[in-house]
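**Student:** Pasting a structure below so you can have a look.
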2 protein chains.
Amino acid sequence: MAVYTQIGEAELASFLDQYEVGEALELEGIRQGVENSNYRLRTTLGCFILTIYEKRVDPKDLPFFLGLMEHLARRGLPCPLPVAGRDGRALRRLAGKPAAIVTFLAGTSPGRLTRERCAAVGEALASMHLAAAGFPLQRPNALALVGWRRLFDDCRARADSVAPGLAEEIAAELEALGQAWPRDLPAGVIHADLFPDNVFFDNARVTGLIDFYFACNDLLAYDLAICLNAWCFDADHAFNVTNARALLAGYCRARPLAAAEIRALPVLCRGSALRFLLTRLFDWLHQVEGALVKPKDPLEYLRRLRFHRQLRGPEAYGLD
Amino acid sequence: MAVYTQIGEAELASFLDQYEVGEALELEGIRQGVENSNYRLRTTLGCFILTIYEKRVDPKDLPFFLGLMEHLARRGLPCPLPVAGRDGRALRRLAGKPAAIVTFLAGTSPGRLTRERCAAVGEALASMHLAAAGFPLQRPNALALVGWRRLFDDCRARADSVAPGLAEEIAAELEALGQAWPRDLPAGVIHADLFPDNVFFDNARVTGLIDFYFACNDLLAYDLAICLNAWCFDADHAFNVTNARALLAGYCRARPLAAAEIRALPVLCRGSALRFLLTRLFDWLHQVEGALVKPKDPLEYLRRLRFHRQLRGPEAYGLD
């Protein structure tokens with residue numbers, strides 16, 4: 001998917017006329033990302049990212065996303081800064097859809113997920129949590145327990161076509177997580193999708209955090225659980241405790257975890273694994289004919305979910 | 001000069017506690033710049049520039065400078081973004097003086113001032129002029145005619161010690177410019193100090209405009225005249241018409257000049273040459289014992305001033 005919308009030259013020129021970013025030299029679709037159409041825009045003034053928000057994004061949420069990026073960039077976090085037009089507004093329309101330009105960040109996606117990079121991303125995540133304090137807008141997490149149940153309802157009937165017994169296993173997990181889910185942990189704005197695709201590095205230094213289009217209010221430690229799933233499993237799906245220890249230590253350098261957050265990590269990791277299992281399962285069962293991006297294998301997250309379920313406690317994540 | 005203030009480790013740590021920029025790893029004084037103390041600050045989160053405003057900057061002007069950088073960065077101009085503390089404010093105090101952190105821009109100062117770089121800086125200057133439209137604060141140019149006369153009063157008695165006849169030549173020039181100075185040209189926020197030191201490049205692409213601490217409201221074409229003096233003379237002080245043609249063409253690509261602005265260019269270039277002649281003369285005659293930065297030769301700008309004075313018209317700048 002990604003790049004659903006084609007933009008004409010004249011249309012782009014008259015869109016850019018509302019900004020002071022110079023004239024377009026090149027517009028190139030970016031294949032990454034499945035929610036929106038993203039383009040690398042090179043102008044006489046510099047490089048930018050142009051995003052057209054496709055139908056999976058609720059336009060009501062855009063002030064939250066753009067406002068959050070601005071809030072974080074203003075506090076020194078290396079994230080894109082929404083570019084305002086001449087009238088001061090960042091959110092506009094292009095090709096009949098909501099659209100925005102954000103600044104381009106230098107750096108490359110990580111190659112190998114090394115211990116050093118995991119430590120750096122852990123610290124960057126905690127810095128984001130701290131820097132987001134004071135951001136005035138709120139957005140409930142649409143992909144929390146209620147949202148998972150809704151996704152499951154849409155997938156249940158055909159889930160066993162992907163793996164025998166999958167429907168029953170997910171139903172039991174939803175039931176268990178509904179019981180065990182922690183309620184009184186520190187909450188705030190979370191990124192909710194900080195996968196390696198969304199972090200740029202210069203060697204082991206984080207130079208960019210991008211894609212805030214799942215950001216929402218939820219438990220801070222849940223964001224860390226998402227990162228444990230995203231950064232601490234090797235290509236053969238084996239848990240990499242060295243990376244996990246580094247990620248957690250990096251996080252705690254900027255924001256020490258409370259004892260209750262540490263205790264809750266296995267349950268939060270199960271929830272995070274289930275969340276990606278369900279969205280991937282949904283995409284797998286609802287493949288769009290002719291889309292560029294192949295859906296990701298949902299079963300990778302079933303393996304992670306089982307890993308977290310069998311743990312005796314949070315020490316297994318390498319916590320000292 | 002530059003780096004007048006020494007900062008202790010504990011003092012820096014408690015200053016950074018007011019931000020979400022991570023913990024200090026390294027603080028290094030930057031020799032460039034003569035107005036403020038600048039430091040390259042590396043933290044666990046990334047790289048920043050820390051500036052302590054020394055006594056040559058009027059604290060009343062700081063909201064203009066910081067607000068302008070934020071306004072321009074928000075509109076996509078590659079300039080530093082002031083970093084807000086937890087309380088949302090960017091302007092704070094350190095070591096008993098006003099201080100701020102801004103984001104670090106990648107890129108290097110230009111080596112050779114090529115035609116391509118002059119074209120790029122011309123366009124970036126025009127983009128800055130356009131992007132600054134709508135910035136609500138005002139700051140009169142303290143280094144316009146009245147300021148020049150005041151500087152001259154401070155230097156007049158000893159000017160001839162630098163070059164015989166200099167006092168008389170400056171007095172005549174001030175008189176002539178007082179008569180000929182244009183009044184009805186397009187005005188707005190100008191950078192007023194866009195020398196090669198203050199522009200970063202990646203090859204011929206501008207990646208950063210810095211040092212907005214002379215920015216003010218004045219004639220837009222006067223800013224271009226400053227750039228003609230700063231970018232279009234070779235090391236042997238010969239005028240480089242190839243660079244000038246490129247600079248003007250680059251500027252006009254983003255903001256076409258009015259006929260009256262073109263006609264005024266020689267007078268504006270004389271004024272700009274006189275402005276740098278006078279501030280350099282002042283610094284030359286008021287050298288600070290033990291300062292790191294050696295004052296620049298004021299007579300370079302006397303040569304430029306004479307060059308502009310003998311021109312028959314603006315065509316000499318390579319305008320087509």
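The values are calculated or read from the model by the stated rules, or taken from the named source; none is laboratory data. Here the structure is a predicted model, which is why all the values come from computation and not from measurement. All Cβ positions, glycine included, derive from the backbone under ideal geometry; neighbour counts span all protein chains shown. Only protein heavy atoms, including side chains, enter the accessible area calculation; ligands, DNA and RNA are left aside. Shrake-Rupley method; radii C 1.70, N 1.55, O 1.52, S 1.80 Å.
**Student:** Of all residues in the range A:99-131, which are farther than 29 Å from A:PHE239 by Cβ and either open to solvent by 20 Å² or more (accessible area, probe 1.4 Å) or modelled with pLDDT of 95 or more (or both)? Reasoning before the result, please.
**Tutor:** Quick first cut of the range A:99-131, residues farther than 29 Å from A:PHE239 by Cβ only: A:99-106, A:131.
Residues satisfying the conditions are A:ALA99, A:ALA100, A:ILE101, A:VAL102, A:THR103, A:PHE104, A:LEU105, A:ALA106.
**Student:** Still on this model: Regarding A:PRO140, is this residue open to solvent by 10 Å² or more (accessible area, probe 1.4 Å), closer than 30 Å to A:GLU23 by Cβ and more than 14 Å from every other protein chain (Cβ to nearest Cβ)?
**Tutor:** No.
Yes/no per residue for (1) touching a strand residue (DSSP E or B) at 6+ places or on another chain (Cβ under 8 Å); (2) more than 14 Å from every other protein chain (Cβ to nearest Cβ); (3) open to solvent by 10 Å² or more (accessible area, probe 1.4 Å):
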position	(1), (2), (3)
B:ALA24	yes, no, yes
B:SER37	yes, yes, no
B:ASP61	no, yes, yes
B:LEU68	yes, no, no
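**Student:** Consider A:PHE104 carefully, then state whether it is away from every other protein chain (no Cβ under 11 Å) and either under 17 Å from A:ASP197 (Cα atoms) or out of contact with any strand residue (DSSP E or B) (no Cβ under 9 Å at 6 or more places or on another chain) (or both).
**Tutor:** Values: away from every other protein chain (no Cβ under 11 Å): no; either under 17 Å from A:ASP197 (Cα atoms) or out of contact with any strand residue (DSSP E or B) (no Cβ under 9 Å at 6 or more places or on another chain) (or both): yes.
Criteria not met by A:PHE104.
**Student:** If you check every pair at least six apart or on different chains, which have Cβ atoms under 8 Å apart with a residue in the range B:263-279 that is among the hydroxyl-bearing types (Ser, Thr, Tyr) first and a residue that is part of a helix (DSSP H, G or I) and modelled with pLDDT of 95 or more second?
**Tutor:** Between residues of the range B:263-279 that are among the hydroxyl-bearing types (Ser, Thr, Tyr) and residues that are part of a helix (DSSP H, G or I) and modelled with pLDDT of 95 or more, the close pairs are B:SER272/B:TYR222; B:SER272/B:ALA225; B:SER272/B:ILE226; B:SER272/B:LEU228; B:SER272/B:ASN229; B:THR279/B:LEU151.
**Student:** Counting only residues that are surrounded by fewer than 23 Cβ atoms within 10 Å (Cβ to Cβ) and within 14 Å of chain A (Cβ to nearest Cβ), how many does the range B:178-207 have?
**Tutor:** 8
**Student:** Hey, A:ARG86 hits all of (1) open to solvent by less than 20 Å² (accessible area, probe 1.4 Å); (2) closer than 27 Å to B:GLU123 by Cα; (3) within 8 Å of chain B (Cβ to nearest Cβ) but one; which does it fall short on?
**Tutor:** (1)
**Student:** State all residues of the range A:151-167 that are touching a helix residue (DSSP H, G or I) at 6+ places or on another chain (Cβ under 9 Å) and part of a helix (DSSP H, G or I); if no residue qualifies, say none.
**Tutor:** Answer for the range A:151-167, where residues must be touching a helix residue (DSSP H, G or I) at 6+ places or on another chain (Cβ under 9 Å) and part of a helix (DSSP H, G or I): A:LEU151, A:PHE152, A:ASP154, A:CYS155, A:ARG156, A:ALA157, A:ARG158, A:ALA159, A:LEU166, A:ALA167.
**Student:** Continuing with this model, one more query. Suppose we keep only residues that are within 14 Å of another protein chain (Cβ to nearest Cβ) and in contact with a helix residue (DSSP H, G or I) (Cβ under 7 Å, 6 or more places away or on another chain) within the range B:44-59. Which one would you say is least open to solvent (accessible area, probe 1.4 Å)?
**Tutor:** Applying the filter and picking the extreme gives B:LEU45.
**Student:** If I filter the range B:238-262 down to residues being touching a residue at least 40 places away in the same chain (Cβ under 8 Å) and among the small types (Gly, Ala, Ser), which single residue comes out as farthest from the other protein chains (Cβ to nearest Cβ)?
**Tutor:** B:ALA260
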